[in-house]
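> Structure below; questions to follow.
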Amino acid sequence: GAGVSQSPSNKVTEKGKDVELRCDPISGHTALYWYRQSLGQGLEFLIYFQGNSAPDKSGLPSDRFSAERTGGSVSTLTIQRTQQEDSAVYLCASSPRTVQETQYFGPGTRLLVL
Amino acid sequence: QKEVEQNSGPLSVPEGAIASLNCTYSDRGSQSFFWYRQYSGKSPELIMSIYSNGDKEDGRFTAQLNKASQYVSLLIRDSQPSDSATYLCAIYSGNTPLVFGKGTRLSVIA
């Protein structure tokens, strides 16, 4: 079946603008994760959704970052008033049920803030 | 603070040799351990998962877990140039998402 999809694949924006990144998980997967990966760095956890539970937002770096997941499927990560340090690859992953299971990653969105 | 440590490398091995990648972790309560491979410019993909002490083999890959010493390793036998990538160790410790190491860059020289 189809894997995790993300859009856009690349985004260039100006400092101060808002951006929205979209993630479409594997059908039937109830757990969804957002990570950020800066050049040459490891994966930085941002937020985790599990079913209808309240999301784990402990990784969001500032209140400029927010995410929602509608209908238990598609998720949108929003970055308000973007800064140059927000430039990174934003990766989305999903897993069938729990955080203990294998995560399947999407291709990522490469964000460049000028 | 749960930490996962990996040598950043690069680890260079000749084609056909065994590549040994190591990962140490701080949380003794860690339960599940994963190795992901990430090619340059691509997203991570799962190579191996291991949950109990000992070795787990899958083709040319062997994962080794030692909970007493808090390390997990990945051995790649008969290394190929196509194995050149960054290998990420990820650990689940209960009720929180996976904690990833920063990865070890492997270069297999033909």
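> In the range A:80-114, which residue that is away from chain B (no Cβ under 14 Å) and either small (Gly, Ala, Ser) or under 15 Å from A:Phe45 (Cα atoms) (or both) is most open to solvent (accessible area, probe 1.4 Å)?
It comes out as A:Ser87.
> Any chance you could count how many residues in the range A:20-47 are buried (at least 22 other Cβ atoms within 10 Å of the Cβ), over 9 Å from the mean Cα position of the chain (by Cα) and under 15 Å from A:Ser95 (Cα atoms)?
Of the residues in that region, 1 qualify.
> How about the range B:80-91: which of its residues are touching a strand residue (DSSP E or B) at 6+ places or on another chain (Cβ under 7 Å) and either surrounded by fewer than 22 Cβ atoms within 10 Å (Cβ to Cβ) or more than 14 Å from chain A (Cβ to nearest Cβ) (or both)?
Within the range B:80-91, B:Gln80, B:Pro81, B:Asp83, B:Ser84, B:Ala85 qualify.
> Out of the range A:1-14, which residues are over 14 Å from the mean Cα position of the chain (by Cα), surrounded by 12 or more Cβ atoms within 10 Å (Cβ to Cβ) and in a loop (DSSP other than H, G, I, E, B)?
Listed by number, the list holds a single entry, A:Gly3.
> Which strands (runs of 3 or more DSSP E) does the range B:1-86 wholly contain that include 2 or more residues that are over 20 Å from A:Ser95 (Cβ atoms)?
It comes to B:4-6, B:11-14, B:19-25, B:54-58, B:61-66, B:71-76.
> Does the range B:8-24 contain at least one residue that is closer than 29 Å to A:Leu60 by Cβ and surrounded by 21 or more Cβ atoms within 10 Å (Cβ to Cβ)?
Yes, the conditions are met somewhere in the range B:8-24.
The values are calculated or read from the model by the stated rules, or taken from the named source; none is laboratory data. Please read all numbers here as calculations on a predicted model, not as lab measurements. Every residue, glycine as well, gets a Cβ built from its backbone with ideal geometry; the counts of neighbours run over all protein chains shown. When the accessible area is computed, the model is the full protein with side chains, heavy atoms only, and any ligands, DNA or RNA have been set aside. Shrake-Rupley method; radii C 1.70, N 1.55, O 1.52, S 1.80 Å.
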